[in-house]
1. Taking P102 as the residue in question, decide whether it is in contact with a helix residue (DSSP H, G or I) (Cβ under 7 Å, 6 or more places away or on another chain) and either more than 21 Å from I167 (Cα to Cα) or modelled with pLDDT of 95 or more (or both).
2. Kindly indicate whether any position in segment 263-283 is in a helix (DSSP H, G or I), among the aliphatic types (A, V, I, L, M) and modelled with pLDDT of 95 or more.
3. Looking at K134, K159 in this structure, which one is among the charged types (D, E, K, R) and either at positive phi or in contact with a Phe, Trp or Tyr (Cβ under 9 Å, 6 or more places away or on another chain) (or both)?
4. Out of V94, V70, which single residue is surrounded by 16 or more Cβ atoms within 10 Å (Cβ to Cβ) and either outside any loop (DSSP other than H, G, I, E, B) or acidic (D, E) (or both)?
5. Under the condition of being acidic (D, E) and assigned to a loop (DSSP other than H, G, I, E, B), which residue from segment 73-91 is surrounded by the fewest Cβ atoms within 10 Å (Cβ to Cβ)?
6. Within segment 57-64, is even one residue surrounded by fewer than 20 Cβ atoms within 10 Å (Cβ to Cβ), among the hydroxyl-bearing types (S, T, Y) and in a strand (DSSP E or B)?
7. Would you say D225 is at pLDDT below 95, in contact with a Gly (Cβ under 7 Å, 6 or more places away or on another chain) and within 28 Å of P151 (Cβ to Cβ)?
8. So, in segment 63-93, exactly how many residues are under 28 Å from R304 (Cα atoms) and within 15 Å of the chain's Cα centre (by Cα)?
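The values are calculated or read from the model by the stated rules, or taken from the named source; none is laboratory data. Owing to the predicted nature of the structure, the values given are computational and were not obtained by experimental measurement. Neighbour counts are summed over all protein chains in view; Cβ atoms, including those assigned to glycine, are modelled from backbone coordinates with ideal geometry.
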Amino acid sequence: MKTIDIHTHLLNPQVRFDRLFDRVAVHFFAKSLGIDPAQLKQQPWEAYVAAMAHAVSTSETVEKACLFGVDSRVDCKGRETHRDKTVCAMNADVVEVAGRYPRRFIPFFSINPLRPNALDLIDEFTEKGCRGAKFLQNYWGLDLNNPAFIPYYEKLRDKKLPLIIHIGNEWSIQSDKRYEGSNMLELPLQTGVTVIAAHMGLGQINHKWLAWRNLSRNPVWFDQDYFHILEMLEQYDNLYGDLSAMLIPLRARALGHLASQKQVHHKLLFGTDYPVPFMIRFNTHGINSAETKRIANIQNPFDRYADVMLQFFPKGNPLYTNHQHILTSSASV
């Protein structure tokens, strides 16, 4: 079985693992992704890129990965106000890496709609081979239902470029919770954009005093955005949901329930959110201990993630082929 990973990240070329937490966590991070920890510390970006390309090339399940960075935060005049040194890879870097490994990566751009030349940048990076767009509006501090963004959405619609929108809690970068909800999907969908709701709206800590509810597999305690997205998947023909970063315990608990929602399986997309660590053990997915141990020992990170998904969405499930409906022919495997 071969599929496309709809959701992976390139890191900022300036990334460094030199903070105290980084020095402690880098060995776990590197081992999880199959990277030599020494190389990751000495040449972090090049080691990351080479290891990611190698992992895709040796994967038994992932043929290609949609690769994107995250644009910086800008003000209303388009002046850059913050660029995260880990997450915010530039579009030029994404295009360069995808050009270096054309059989492994499909480039997507990330263009903050507050940039005065945003529409021209869409044209520029589409011409350079990008086949979709990525929003992290909760980092940018943007309400995606702002009518000022309609020309942006119309351009994506007319170019048939899918738009991946982060929905749910964000842990890796500063986030404004006002812009994490499923209501952020409404105006892009109504404008006719093909929208991908990343992470299925899961991952919030909704129960502070009874913390166990945040890890319960009882749907009663799931995020309301998750149920709203399930409804919207049936309502909008142009909405899809990706299963990226679903191995975080706050999300993995919903895998069994999502697998039972067969009416939306034709609208779900395989994704990992690489390099988010793929937690297998001590998780909430409900897979028995023997299977968990076997999966945890799979060396390739993409295959390890895919094996968990296969427990809930077996071979032949449309999860692994739905990308064919949203990627242009030039980006297909």
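1. No.
2. Yes, there is a match, as at least one residue in segment 263-283 is in a helix (DSSP H, G or I), among the aliphatic types (A, V, I, L, M) and modelled with pLDDT of 95 or more.
3. Being among the charged types (D, E, K, R) and either at positive phi or in contact with a Phe, Trp or Tyr (Cβ under 9 Å, 6 or more places away or on another chain) (or both) holds for just one of K134, K159, which is K134.
4. Going through V94, V70 in turn, the sole match is V94.
5. D75
6. There is no residue in segment 57-64 that is surrounded by fewer than 20 Cβ atoms within 10 Å (Cβ to Cβ), among the hydroxyl-bearing types (S, T, Y) and in a strand (DSSP E or B).
7. So D225 does not fit the description; no.
8. Here the count works out to 10.
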